[in-house]
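Here the structure comes first, spelled out in structure tokens, and everything after it is commentary.
The values are calculated or read from the model by the stated rules, or taken from the named source; none is laboratory data. On a predicted model such as this, the values are computed, not experimentally measured, just so you know. Cβ sites come from the backbone with ideal geometry, for glycine too, and all protein chains shown count toward neighbours.
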Amino acid sequence: MERFGEGYLEERKLVKRWSGPIPALASLGITLAVFYITWWIFQDPRGVMRMYTPYVGYMYCRWWLIIMIWMVYIFNFWPFKRKWLETAHPLIKGSIMTAVSVGILVLLIKVFFEGLLGNFGLAYFNPNQLEKLPGITSFFAIEYSALAILMFAAIASWLSPAWVVACEEAPWQDLKQPAKGFSILMLTFFLSMVVYFVTMHPHMGILYHPWQYFTSIAPPYWEQFADTVSGNFHVSWIMCCTVVVWLVETIWERYPFNLIKNDWARRSASFFGIIAIALAMHFFLYFAQELTWGEAIRGTRRAFAPDWRWLHVGEMAIFFLVPALFVSFYCGNWPKKYSMPVNVLVRTAITLVAAIALYIAYYKTSHLFLGTQKGFSHPQQFPMIPMIWLVNIWLVHHWFMDNWPAWKMVPKTAEEIEEDHETHRAAIADVRWTPRLGAGLGFGIAMGVIFYFITIWALPSVYAAINIIPGK
Amino acid sequence: MSDNMKRRDFLKGAATGVGIGLLGAMGLYSYSPMRKSNFTQAERKMNDIGVCKSVKVTNISETSWFENGILMGDIKGAGGLLVNQYDYNWPPFGNGKGLGKGSYEEGIANIKHLLPNNLEEAWDIIETNSVHPENAGGYAALVEIEEMNGNKHKYLLDVGWSYKWCDECFKREGIDKMLENKEIEALFFSHEHFDHFWGLPVALKYDPEITIYIPEGFYPEGLQYIKDCGHKGKLITVKTGLNKIIPGMASYVFAIPIICRVYGEQSLYFNVKDKGLVSVTGCCHQGIIRFAETAYSEIKYEKDKFYGIYGGLHISPFDDWDPKYDDLVISLGNYGFERIGCNHCTGILCAKKFIAAGYPVIEGTARFRSKDKAYLGNGDIITFG
């Protein structure tokens with residue numbers, strides 16, 4: 001039986017070529033250089049293709065992420081053979097698989113969304129159809145359709161990995177590829193479509209005048225709760241879901257859901273737990289803005305508008321993803337020497353501090369080299385694009401190129417794989433109920449609540465002291 | 001169980017508990033009504049800017065460009081709304097290299113020697129080298145304020161874009177003579193955008209010594225352009241925040257990023273006796289409601305009432321739309337404005353939505369290339385008080 005990439009990421013051993021932090025720093029340097037070169041070629045408003053319009057660049061960037069998730073997480077590298085994955089030079093593997101992912105990307109957008117859906121279903125997926133409407137310029141026709149297509153991507157980028165990370169590929173986990181991949185793809189695509197219709201379609205329905213009462217709910221049902229008719233309210237929590245899925249998968253090692261023994265209970269708890277954590281993040285990051293900038297005022301523009309505040313929640317969330325992936329991809333998910341909960345807490349603390357530092361650095365300096373605009377709330381300022389672009393490059397580097405050249409890929413032996421599984425099982429078994437654990441849990445919950453209230457108390461003065469953008 | 005094991009178990013529980021407690025509090029408290037107890041109600045500053053008798057605004061030109069399709073085609077072709085405005089190769093900074101390949105230095109080198117007195121010849125050169133010079137219009141307004149003692153003051157708010165179009169408009173409204181006679185005391189720039197700022201030589205042709213107020217945030221090219229245009233008067237860079245001008249008049253600078261790489265906007269407040277607050281804006285990128293809310297927190301005004309608006313409200317400048325604009329249309333009625341004269345970047349669709357919502361929009365005459373009566377158009381006048 002031909003083996004494709006099932007278990008490839010888990011069964012490869014990445015061996016550092018140099019000791020200490022040099023491989024991580026070298027990889028950071030290389031990937032940042034690739035990021036900047038490709039940013040200039042594809043995205044930068046001063047560069048070659050200038051796709052940062054912003055929605056066109058955002059659409060491609062976002063869908064590229066999902067295509068890579070599909071290729072690696074859902075299809076397990078199918079149709080690439082295992083032997084080739086293990087023996088081909090990382091540069092060749094990276095080039096070929098990147099080219100395939102881009103090919104699928106273009107097909108999906110041009111043929112499926114613009115060609116099929118846009119011409120035969122919903123006009124707003126196709127810019128040419130929109131241009132037929134009176135008063136709509138070519139620029140905004142392209143932007144509107146890109147917005148619709150990328151909104152679909154935002155949902156898929158949460159649900160596609162969630163089915164693997166939370167639902168453990170059930171009920172198709174025992175199928176061979178490509179049957180398993182297609183099954184999960186069909187289900188997650190269907191779910192994405194349902195979520196799209198109840199979150200983003202009403203947004204698109206009032207994007208035109210008059211409001212499309214006949215085909216969408218107008219004004220949208222979330223208006224009073226979210227204080228806006230904009231679909232950014234949904235962008236916010238969906239973006240948080242995307243980030244939380246990867247936090248759970250990488251620095252959290254699926255903890256604490258992996259403590260649940262019953263398969264379906266664990267899967268359900270993981271899937272809905274990710275949503276619950278994302279909602280907590282969604283509400284807190286909105287509140288954080290209220291605490292630092294003041295209450296939002298409906299009808300305003302920019303930093304005081306509820307719709308922008310919700311969007312900015314999603315933007316803030318993405319700053320957590322970048323350090324989490326770096327810790328996981330290039331730092332071997334450090335630390336590993338403590339118990340799983342303590343490891344998770346330390347990594348989360350590192351990610352939190354790094355995310356805040358990255359946020360400050362981005363808004364202080366990015367306009368100096370990315371061609372973006374200074375300030376938080378410019379309508380064309382989308383930190384999600386450079387952040388996801390960097391994440392995409394890391395995915396190519398980590399998934400397709402085995403962290404080359406700072407690491408060398410060596411397949412693990414059967415014994416090593418078994419040892420890994422045993423270590424993992426032991427780490428989970430190590431967290432079992434005892435009275436002291438219960439006492440610690442109670443103490444920790446109290447500390448978490450206290451930490452939350454200290455944070456919201458201190459946030460306004462800390463933010464004022466940092467003064468990220470003078471004059472704001 | 002050893003002490004070490006007990007400590008490890010406690011730590012495992014505590015580490016897990018911190019996450020649960022933190023996330024639980026985040027989820028349950030952060031968007032609940034209880035959170036509002038954390039908000040401090042900022043005390044109104046009630047700055048006294050004085051009071052005036054009346055304000056009259058003459059729309060010199062609100063048509064910044066004549067065809068949305070052409071402008072947006074240029075923006076799309078050059079790489080989008082974040083491209084530096086000096087790089088589009090629009091007039092007057094054309095260098096003949098085509099769309100998206102312009103630069104301030106190359107463009108100004110072709111015309112600098114002709115500014116500000118030989119604008120017809122300059123425009124001939126510009127037409128040869130620039131992208132779509134025929135689409136350039138401009139935004140400019142004459143603001144006349146009458147003090148309580150009867151003294152009158154005239155100010156220009158912005159000077160448009162195309163030298164040719166702006167000169168025509170200045171002559172049509174008699175601005176040329178007012179400038180020559182030094183009747184206009186100062187020129188306020190709302191922001192650095194091409195359609196508000198690049199027509200500067202037209203004003204300087206008639207009065208090179210006029211005092212100019214710019215909001216802080218102008219880029220080096222913009223500051224150099226003021227010099228290259230032959231300005232000989234005082235240049236005042238206005239800091240972010242409130243700046244009193246004369247009794248009853250103040251400007252307010254907002255530190256905000258704007259499309260086409262522009263930063264900062266200055267708008268005008270007037271406190272009209274027995275009427276209330278009047279807002280006069282160039283583009284109002286900060287948003288009219290933000291502008292009103294800022295007035296509420298910063299300024300003392302008659303009857304504590306918002307009375308009037310004039311200018312571009314920057315809602316759908318390219319007749320694009322977004323649901324967030326509906327938030328504005330829905331909310332504006334809560335502010336109680338009694339006279340709304342809108343045009344330019346407000347968006348005709350938006351003006352029509354205001355009218356449909358029953359707001360007191362002062363309609364115009366749709367003359368001199370203004371497209372719709374929903375706008376207070378070119379040559380139209382609005383008075384407050």
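Evaluating residue A:144 against the criteria (1) within 12 Å of chain B (Cβ to nearest Cβ); (2) in contact (Cβ under 8 Å) with a residue 24 or more places away in the chain; (3) not in a helix (DSSP H, G or I) leaves one unmet condition, (3). The one condition from (1) within 19 Å of the chain's Cα centre (by Cα); (2) surrounded by fewer than 18 Cβ atoms within 10 Å (Cβ to Cβ) that residue A:157 does not meet is (2).
Here A:58, A:73 are screened, and the one residue that is hydroxyl-bearing (Ser, Thr, Tyr) and over 15 Å from residue A:395 (Cα atoms) is A:58. The single condition among (1) among the aliphatic types (A, V, I, L, M); (2) touching a residue at least 24 places away in the same chain (Cβ under 8 Å); (3) in contact with a helix residue (DSSP H, G or I) (Cβ under 7 Å, 6 or more places away or on another chain) that residue B:114 does not satisfy is (2). Entry remark, segment B:293-317: residues being surrounded by fewer than 24 Cβ atoms within 10 Å (Cβ to Cβ), within 26 Å of residue A:136 (Cα to Cα) and facing chain A (nearest Cβ under 10 Å) number 2 in total.
In this entry, residue A:446 passes the filter for residues that are hydrophobic (A, V, I, L, M, F, W, C), at pLDDT 95 or above and in contact with a Gly (Cβ under 8 Å, 6 or more places away or on another chain). The numbered conditions (1) assigned to a loop (DSSP other than H, G, I, E, B); (2) more than 20 Å from the chain's Cα centre (by Cα) are all true for residue B:74 except (1). Residues considered: B:319, B:380. Of these, the only one that is at pLDDT below 90 and either within 17 Å of residue B:140 (Cα to Cα) or within 19 Å of the chain's Cα centre (by Cα) (or both) is B:319. Residues of segment B:53-77 that are closer than 20 Å to residue B:263 by Cα and of a type in the set (Gly, Ala, Ser): B:64 alone. Assess whether residue A:458 counts as being modelled with pLDDT of 95 or more and out of contact with any strand residue (DSSP E or B) (no Cβ under 8 Å at 6 or more places or on another chain). Yes: the conditions hold for residue A:458. Please verify whether segment A:261-283 includes one or more residues that are surrounded by fewer than 24 Cβ atoms within 10 Å (Cβ to Cβ) and in a loop (DSSP other than H, G, I, E, B). Yes.
Filtering segment A:301-320 to residues that are more than 14 Å from chain B (Cβ to nearest Cβ) and in contact with a Phe, Trp or Tyr (Cβ under 6 Å, 6 or more places away or on another chain) leaves only A:319. A count restricted to segment B:254-292 and to residues that are more than 13 Å from chain A (Cβ to nearest Cβ), in a loop (DSSP other than H, G, I, E, B) and under 11 Å from the mean Cα position of the chain (by Cα) stands at 1.
Counting only residues that are surrounded by fewer than 22 Cβ atoms within 10 Å (Cβ to Cβ) and within 7 Å of chain A (Cβ to nearest Cβ), which one in segment B:27-39 is farthest from residue B:383 (Cα to Cα)? Across segment B:27-39, the extreme among qualifying residues is B:27. Among the residues examined, residue B:174 does not qualify as under 21 Å from residue B:253 (Cβ atoms), surrounded by fewer than 22 Cβ atoms within 10 Å (Cβ to Cβ) and not hydrophobic (A, V, I, L, M, F, W, C).
Out of curiosity, is residue A:233 surrounded by fewer than 19 Cβ atoms within 10 Å (Cβ to Cβ), within 25 Å of residue A:157 (Cα to Cα) and under 22 Å from the mean Cα position of the chain (by Cα)?
no
Candidates in segment A:340-359 are the residues that are over 20 Å from the mean Cα position of the chain (by Cα) and surrounded by fewer than 20 Cβ atoms within 10 Å (Cβ to Cβ); of these, the one that is nearest to residue B:317 (Cα to Cα) is A:346. Among the conditions (1) within 30 Å of residue B:297 (Cα to Cα); (2) more than 27 Å from the chain's Cα centre (by Cα), the only one that residue B:95 does not satisfy is (1). Tell me, please, whether a residue that is in a helix (DSSP H, G or I), at pLDDT below 95 and not basic (Lys, Arg) can be found in segment A:295-305. Among the residues of segment A:295-305, at least one is in a helix (DSSP H, G or I), at pLDDT below 95 and not basic (Lys, Arg), which makes the answer yes. Here segment A:453-468 is the region considered, the condition is being within 18 Å of residue B:27 (Cβ to Cβ) and without any contact (Cβ under 8 Å) to a residue 12 or more places away in the chain, and the residue that is surrounded by the most Cβ atoms within 10 Å (Cβ to Cβ) is A:455. Consider residue A:182 carefully, then state whether it is outside any loop (DSSP other than H, G, I, E, B), closer than 22 Å to residue A:156 by Cα, within 14 Å of chain B (Cβ to nearest Cβ) and not basic (Lys, Arg). The answer is no for residue A:182.
Residue B:42 satisfies every condition listed in (1) loosely packed, with under 15 Cβ neighbours inside 10 Å; (2) more than 8 Å from chain A (Cβ to nearest Cβ); (3) in contact with a helix residue (DSSP H, G or I) (Cβ under 8 Å, 6 or more places away or on another chain) except (2). Beta carbons closer than 9 Å, at least 6 apart along the sequence or on distinct chains, pair a first residue in segment B:324-346 that is within 13 Å of chain A (Cβ to nearest Cβ) with a second that is in a strand (DSSP E or B) and hydrophobic (A, V, I, L, M, F, W, C) for B:332/B:340; B:335/B:306; B:337/B:306; B:337/B:309.
Please indicate, with yes or no, whether at least one residue in segment B:253-262 is over 25 Å from residue B:180 (Cα atoms), touching a Gly at 6+ places or on another chain (Cβ under 7 Å), at pLDDT 95 or above and surrounded by 19 or more Cβ atoms within 10 Å (Cβ to Cβ). Checked segment B:253-262: at least one residue is over 25 Å from residue B:180 (Cα atoms), touching a Gly at 6+ places or on another chain (Cβ under 7 Å), at pLDDT 95 or above and surrounded by 19 or more Cβ atoms within 10 Å (Cβ to Cβ). Where helices (runs of 4 or more DSSP H) sit wholly within segment A:1-115, those with at least 1 residues that are closer than 25 Å to residue A:192 by Cα and aromatic (Phe, Trp, Tyr) occupy A:55-69. Considered as a group, the residues in segment B:47-60 that are surrounded by fewer than 24 Cβ atoms within 10 Å (Cβ to Cβ) and in contact with a helix residue (DSSP H, G or I) (Cβ under 8 Å, 6 or more places away or on another chain) include one that is nearest to the other protein chains (Cβ to nearest Cβ), and that residue is B:47. On the stretch given as segment A:361-379, residues that are part of a helix (DSSP H, G or I) and facing chain B (nearest Cβ under 10 Å) total 1.
Residue A:245: buried (at least 23 other Cβ atoms within 10 Å of the Cβ), away from every other protein chain (no Cβ under 14 Å) and touching a residue at least 40 places away in the same chain (Cβ under 8 Å), yes or no? When the stated conditions are applied, residue A:245 passes them.
Can you tell me which residue within segment A:120-151, out of those that are within 15 Å of residue B:72 (Cα to Cα) and of a type in the set (Gly, Ala, Ser), is nearest to the chain's Cα centre (by Cα)? Going through the qualifying residues, I end up with A:141.
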